[in-house]
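Note sheet for the following structure.
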Amino acid sequence: MATVGELLVSATTRLRESGSETARLDAEVLLASVTGEDRTTLIAHHERPIGEDVVARFEQAVARRAGGEPVAYIRGIKEFFGLAFAVDRRALIPRPESELLVEAGRVEVMARLTDPARTAADRGPVRIADVGTGSGAIAIALAVELRRRRVVLGNDVRIIATDSSADALELARANAVAHAVADAVRFYEADLLPPVLPDEAPLDIVLANLPYVIRSVIPTLPVATSFEPVTALDGGPDGLDAIRALLERLPDALTGDGIALLEIGADQAEGASAAARERLAGWRIGVEPDIAGLPRVLRLNPPWAGA
Ligand code: GLN
């Protein structure tokens, strides 16, 4: 019977030959996923024999990876913001950079909930939208994070999540159920935002990781990306089509002291800022870096916010 160590060595060789730059890690993650263990337990017991059924499933998984499919789709799971999300070809695999939107969204929510002026004005729940939610990762991670901080979901905050893909929304709903926030996040099939906002009330916070990859760049991306829905990546000729369309909606959708936080590509700081300046006269427009120091989030406040 093959041991853990032997299986990992042969799979690593195969994956390296197929072009994976993370062959050993891929092999470990995939073997752990078929044995149902975590990776550290698995690799701590190299001599352990593995049964034939598991070996067969491991070989299938390795074959898929050798064909270029991302590990996250083969496992069916991706970690994001410390949570496990179900992922499959219906939606983009959540990227670590997008955790910034969750973090920034949380800060904005908490600032509003602890603002005495806002409480005194009895403005009701803080309204949040995650536009282009895909797997639901941003909206759901934010809901879970707020609940951890004793924010009463549905009462203190209302979260909507939209996507133009009904398939993606099915996945997002399943993730919301899995994280016990299905009551707290309302999903809408819509191009960007629903034509009429829920409660006909403007939003306080708009978060969006829209497709922003330049169309002509898509064929040059790593093969794993070709397994993801192209509609979740394709931002048109300069990558900013979807972002521009959302910018157009913001003056109507956002309340006067609201904020929009839009993920952008590392080379889009200038282009996205210029697009915002053209459409949002008088707004405060900034770009924030990710942990790698690359421009990542376009931050937009209407004219009188924070004045
Ligand atoms: N960051 C993603 C990538 O480079 C792009 C995601 C997006 O278009 N929103 O593959």
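The values are calculated or read from the model by the stated rules, or taken from the named source; none is laboratory data. These numbers come from a predicted model, not from an experiment. Here Cβ is always computed from backbone atoms with ideal geometry, including for glycine, and neighbour counts include all displayed protein chains. SASA here: full protein model, heavy atoms, side chains in, ligands and nucleic acids out. Shrake-Rupley method; radii C 1.70, N 1.55, O 1.52, S 1.80 Å.
Miscellaneous remarks
- Of 291, 51, 132, farthest towards positive along the dipole that unit charges on Lys, Arg, Asp, Glu beta carbons give the chain: 291
- Global geometry of region 170-230, whether rounded, prolate or oblate, following the gyration tensor of its Cα atoms and the 1.5 cut on a/c: oblate
- The chain: most fluctuating residue of 277, 118, 89 per GNM, C-alpha cutoff 10 Å: 118
- Each Cα pair under 8 Å and six or more residues apart adds its separation to the average, and for region 89-301 the resulting relative contact order is 20 percent.
- In the chain, helical runs assigned H by DSSP with n ≥ 4 each contribute -39500 (n - 2.57); averaged across all residues and rounded to the nearest 500, the mean residue ellipticity at 222 nm is -12000 deg cm²/dmol.
- For region 89-301, the dipole from Cβ point charges (+1 on Lys and Arg, -1 on Asp and Glu) about the Cα centre works out to 460 debye, to the nearest 20.
- Each Lys and Arg Cβ is given +1 and each Asp and Glu Cβ -1; about its Cα centre, region 4-67 then shows a dipole of about 180 debye.
- Accessible surface of the chain [probe 1.4 Å, protein heavy atoms]: carbon and sulfur percent: 53
- 1.4 Å probe accessible area per residue over region 4-67, in Å²: 56
- With all protein chains kept in place, the per residue accessible area of region 74-119 amounts to 46 square angstrom at a probe of 1.4 angstrom.
- Within region 65-224, percent of DSSP bridges classed antiparallel, to nearest 5: 20
- Charged neighbours of residue 115, selected by a Cβ distance under 10 Å, balance to +2 (K, R count +1; D, E count -1).
- Signed unit charges on C-beta, dipole axis of region 4-67, positive-most listed residue 34, 13, 67: 67
- For region 89-301, the alpha-carbon coordinates run over 52, 41, 34 Å along the three principal axes, in decreasing order.
- Taking a sphere under 13 Å around the Cβ of residue 5 and counting the other residues whose Cβ falls inside, with K and R at +1 and D and E at -1, yields a net charge of -1.
- C-alpha center-to-center spacing [region 220-290, region 134-188] in angstrom: 22
- Debye, to nearest 20: dipole size of region 185-272, +1 on Lys, Arg Cβ, -1 on Asp, Glu Cβ: 220
- When the residues 283, 304 are ordered by accessible surface, computed with a 1.4 Å probe over the protein chains alone, the sequence from largest down reads 304, 283.
- Ranked by the mean number of other Cβ atoms within 10 Å of their residues, highest first, the peptides 165-173, 33-41 come out as 165-173, 33-41.
- In terms of the mean number of neighbouring beta-carbon atoms within 10 Å, the peptides 187-196, 130-139 order highest first as 130-139, 187-196.
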